[in-house]
Structures are given as structure tokens and as C-alpha cells.
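**Student:** Mind looking over this structure? Questions follow.
The values are calculated or read from the model by the stated rules, or taken from the named source; none is laboratory data. Model, not experiment: these values are computed from the prediction. Ideal geometry is used to build each Cβ from the backbone, glycine not excepted, and the neighbour counts take in all protein chains shown. Quick note on the areas: whole protein, heavy atoms, side chains included, nothing else; ligands and nucleic acids left out. Shrake-Rupley method; radii C 1.70, N 1.55, O 1.52, S 1.80 Å.
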Amino acid sequence: MDLITSTATLPLLFGCVGVFGLLKLLQWLRTRAYVRDAVVVITGATSGLGRECARAFSAAGARLVLCGRNAEALEELSRELAASPAAKVQTHKPHTVTFDLADPGAIVGAAAEILRCFGHVDVLINNAGISYRGAVVDTSLDVDKRVMETNYFGPVALTKALLPSMIRRRQGHIVAISSIQGRISIPFRSAYAASKHATQAFFDCLRAEVEQHGVEVTVISPGYIHTHLSLNALTADGSKYGVMDESTAQGRSPAEVARDVLAAVGQRKKDVVLAGLAPSLAVYLRTLAPGLFFSLMASRARKERKSKHC
Ligand SMILES: NC(=O)C1=CN([C@@H]2O[C@H](COP(=O)(O)OP(=O)(O)OC[C@H]3O[C@@H](n4cnc5c(N)ncnc54)[C@H](OP(=O)(O)O)[C@@H]3O)[C@@H](O)[C@H]2O)C=CC1
Ligand SMILES: CCCCCCCCCCCCCCCC(=O)OCC(=O)COP(=O)(O)O
């Protein structure tokens, strides 16, 4: 009986693995064809997910524009990518553009520089962002504004500056790195969750408006990633939080998430949640049983307040 089972199941198993492998290979080839030689602009390329996206898109043959506030860090990454094995087959040394997303004038200047250098943008990845930790009652309005400027108004301004040229070409792809907190709001993250909900809403509206012009929009909502996000987060008084949270340290590797971002772009996905089971279920719970979700969040707030004396 065992022999019959194994002789019947083994070829089936190998067949399934073969089909799965073939599908993966086809997906990879499609992604490569889409990204190869494409002009890809990445904000927040100096750290974490942005830096890994730069590595992933560079390995896939993209012509990169690396954006950030730290010119030296951008140049270092550009040199690293130009010296990488992928660069031996292609000749694209990444271009760097230094600007602060909280400065609307600088954003317009940066977009003009990118268009002057490359003539067009194929993929814009709005990745840069900051997080926040604090209670609403303690937080100065200035902090809410700073988080919104970086996470919402900055990406919106950059998108608006590049969109007309995409519409004229009837081609382009805009990516927003949101967060699972763009779908659910958790306590002591008001400014961050609000900025990510706004991001989701804005880019959902944009997707509907620009489809007719051949422009695509992908919103990506990751769960925790092991980056500097918590270290760089703002607190209620605007100072730096400066702590590597356990949830961040135990998050997914940014290189792995960057590969998922590349795959989502290559497959022209419209909306992707890159989170584990509990956060993904929480998104459904928020819609299907909001009362229960709100109770869970209130209990989380009570526990967190006790443990951190918030
Ligand atoms: N880490 C996580 O758990 C998760 C992260 N995300 C999102 O991923 C994205 C990337 O963050 P992550 O890599 O994790 O965090 P990091 O702190 O490691 O990287 C953030 C990047 O954003 C840049 N940045 C911050 N403020 C500005 C600004 N005013 N102007 C220009 N650039 C700025 C930083 O540049 P600089 O070096 O100049 O500070 C840095 O390159 C963010 O949008 C974040 O919300 C989403 C879900 C989970
Ligand atoms: C039917 C059963 C449903 C079970 C649901 C249980 C509810 C569990 C709540 C889970 C909350 C998850 C929060 C995830 C937050 C997250 O991944 O955020 C990503 C970030 O952007 C991280 O930023 P931060 O600055 O907060 O580190």
C-alpha cells in the first residue's frame, strides 16, 4: 500500500513542485522585463527598506534615482551598487538627489532635476517615512504636522510633480509604501496611523483617476520590518524616540520585504498587504466586527500605559 501511495504521490509531488517553480520563474522573468532599464525613483534610499529596494531594483537592471536627505549616504550606496556584480552587465550608475520631503520647494526642484536628467520616470517608489510614539493628549500639534509632512504631503507633492509627465507618456507606475497601520489604528501611534490611512486613501483615489491614462498605482502595507523606523520615530514632544523596539527588531528582514515590493511592482499589483496572520486578520476584524476590534485596542492601550507609564 505504501509502495502504491509513494509511486502515485511522488510524481504528483514533483509535478506540483515543477509547476510552482515554473510559475515562479515566469513571474521573475516578467518582473525583470518590466524593471530592466526602467527609471526607478526611490525615496528614503539611505536606510532600511528603501536601501534594500535600491539593491533589489538595481539587481533587476533598473536605472536608479536614489533620494534622501543624507548626500554622503546616498553617494556611498550609489558607489556600492555601481560596483556590484549586477552592474557588470548593465552600466547604470545610480543618480542621487538630496532633498527633504518636508520642504515642498525642494521637492519641485528635485522632480525637475530628475526629469532633466532622465526625461521621464517609469516607477516612483514613495518609501521614505517616519514613525511616532506617544499619547494624543501629550502630543504637540507640531509633531502631528511633521509626521504628516514627511509621510503624506511629501509623497503627494512628489507624485504631483512627476504625474503630468507620466500622463503625457501614457506610462508610469507610482508606488506608496504605506503600513498595516494604514488599515488599522493602534494606540500611541495616532500621527503615524493617520498619515498612513491618508496615504492609502490618496493613492486609492489616484489609482482610479489615472488608470485611463495608462498610469498604475500600487499601495503596499507591510507589517513590522527590522529597520531604523523605531529608532528614528518622533515622540510626543518632537524628540527622537531612539529605541529599537522589540516588535521592530523581530520584524521581517528589509531585503526580503524589498523582494516582495519588486515582485508586487513587476506583477502590477494594485494593493498588497505584507504582514503576518494576526495583523492581516485584524484588518478584517476592523471591518467585520469593529466593536470587538476597538475593545482589543482599548485593552492594548491599558496594558501599554501600565508597562510604559504613558
Ligand atoms: N519598519 C517597519 O516596521 C515598517 C516600515 N514601514 C514603512 O517603510 C518605509 C521605510 O521605513 P524604514 O525603512 O522602515 O525606516 P528607516 O527609518 O530605516 O528609513 C526611513 C527612510 O526615510 C527617510 N526620511 C525620513 N524622513 C525624511 C524626510 N523628511 N525627507 C526625506 N527622507 C526622509 C530616511 O532618511 P534619513 O536617513 O535622512 O533619515 C530613511 O532613508 C516608511 O514609509 C515606513 O512607514 C511600513 C511598515 C512597517
Ligand atoms: C479573528 C481573530 C483576529 C485576531 C486579531 C487580533 C488583533 C491583533 C492586533 C494586531 C495588531 C498588529 C499591529 C501591527 C502593526 C504593524 O505591523 O505596523 C507596521 C508599522 O508600520 C510599524 O510601525 P511602528 O512605528 O509602530 O513600529
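**Student:** Using only Cα positions of the chain, each an equal point scatterer, no hydration layer, compute I(q)/I(0) via Debye at q = 0.08, 0.12, 0.15, 0.16 Å⁻¹ and quote the log10 values to two decimals.
**Tutor:** -0.40, -0.83, -1.21, -1.35
**Student:** Add +1 for every Lys or Arg and -1 for every Asp or Glu among the other residues with Cβ under 13 Å from the Cβ of Ala110, and state the total.
**Tutor:** 0
**Student:** Quick one: which of 133-143, 107-117, 154-164 comes out on top by average Cβ neighbours within 10 Å, and what's the full order, highest first?
**Tutor:** Ranking, from highest mean packing down: 154-164, 107-117, 133-143.
**Student:** Which Cα, out of Phe99, Cys67, Leu124, lies furthest along the positive dipole direction of the chain (beta carbon charges, K/R +1, D/E -1)?
**Tutor:** Leu124
**Student:** Let me ask something additional. According to the square roots a ≥ b ≥ c of the eigenvalues of the Cα gyration tensor, what is the shape class of the range 98-218, taking rounded for a/c under 1.5, prolate for a/b larger than b/c otherwise, and oblate for the remainder?
**Tutor:** oblate
**Student:** Oh, and also: What order, most packed first, do the peptides 72-78, 274-280, 22-28 have when packing is the mean number of other Cβ atoms within 10 Å of each residue?
**Tutor:** Peptide ranking by packing, descending: 72-78, 274-280, 22-28.
**Student:** Around Val273, which amide H atoms from residues at least 5 apart in sequence, or from another chain, sit under 5 Å from its own amide H, with H modelled in the peptide plane?
**Tutor:** Ser221
**Student:** Place a +1 charge on the Cβ of each Lys and Arg in the range 35-275 and a -1 charge on the Cβ of each Asp and Glu, then give the dipole magnitude about the Cα centre in debye, rounded to the nearest 20.
**Tutor:** That gives a dipole near 700 debye.
**Student:** Taking H as built 1.01 Å from N, whose amide H comes closer than 5 Å to the amide H of Glu216, not counting residues under 5 places away?
**Tutor:** Sorted by chain and number, the residues that satisfy this are Gly172, His173, Ile174.
**Student:** Given a 1.4 Å probe and heavy atoms of the protein chains only, how would you sort Ser195, Ser239, Ser307, largest accessible area at the top?
**Tutor:** Ser307, Ser239, Ser195
**Student:** Once phi is turned into ³J(HN,Hα) by the Karplus curve 6.51 cos²θ - 1.76 cosθ + 1.60 with θ = phi - 60°, what whole-Hz value does each residue of the range 37-44 show in order, with x for glycine and proline?
**Tutor:** Ordered by residue, 3J(HN,Hα) equals 6, 6, 7, 10, 9, 10, 8, x Hz.
**Student:** Okay, next question. What is the packing order of peptides 173-179, 53-59, 197-203, 267-273, taking the mean over residues of other C-beta atoms within 10 Å and listing the highest first?
**Tutor:** Those peptides, ordered most packed to least, come out 173-179, 53-59, 197-203, 267-273.
**Student:** Now, a different point. May I ask you to rank Cys67, Cys205 by accessible area, largest first, using a 1.4 Å probe over the protein chains only?
**Tutor:** The residues order as Cys205, Cys67, largest area first.
**Student:** HN-Hα J couplings of the range 157-165 from phi, Karplus 6.51/-1.76/1.60, θ = phi - 60°, integer Hz, Gly and Pro as x?
**Tutor:** 5, 5, 4, 5, 6, 9, 4, x, 6
**Student:** Kindly sort Asp144, Asp37, Asp237 by accessible area of their heavy atoms, largest first, with the probe set to 1.4 Å.
**Tutor:** Asp237, Asp37, Asp144
**Student:** Over the chain, with every protein chain in place, what whole percent of the accessible area is carbon and sulfur at 1.4 Å, could you tell me?
**Tutor:** Roughly 61 percent, rounded to a whole number.
**Student:** May I pose another question? With a probe of 1.4 Å, find how much accessible area the chain has per residue, and write the answer as a whole number in Å².
**Tutor:** Here the residues of the chain average 51 Å² of exposed surface.
**Student:** First select every other residue whose beta carbon is under 10 angstrom from the beta carbon of Ala263; then total the charges, Lys and Arg +1, Asp and Glu -1.
**Tutor:** Surrounding charge for Ala263 is +3.
**Student:** Pop out the ³J(HN,Hα) list for the range 116-125 in order, Karplus 6.51 cos²θ - 1.76 cosθ + 1.60 with θ = phi - 60°, rounded to Hz; leave Gly and Pro as x.
**Tutor:** 5, 6, 10, x, 7, 10, 8, 9, 10, 10
**Student:** Okay, moving on. Pull up all non-local amide H partners of Ile130: gap of 5 or more, or a different chain, and H-to-H distance under 5 Å with H placed in the peptide plane.
**Tutor:** Under 5 Å from the amide H of Ile130 lie the amide H atoms of Asn151, each far enough along the sequence or on another chain.
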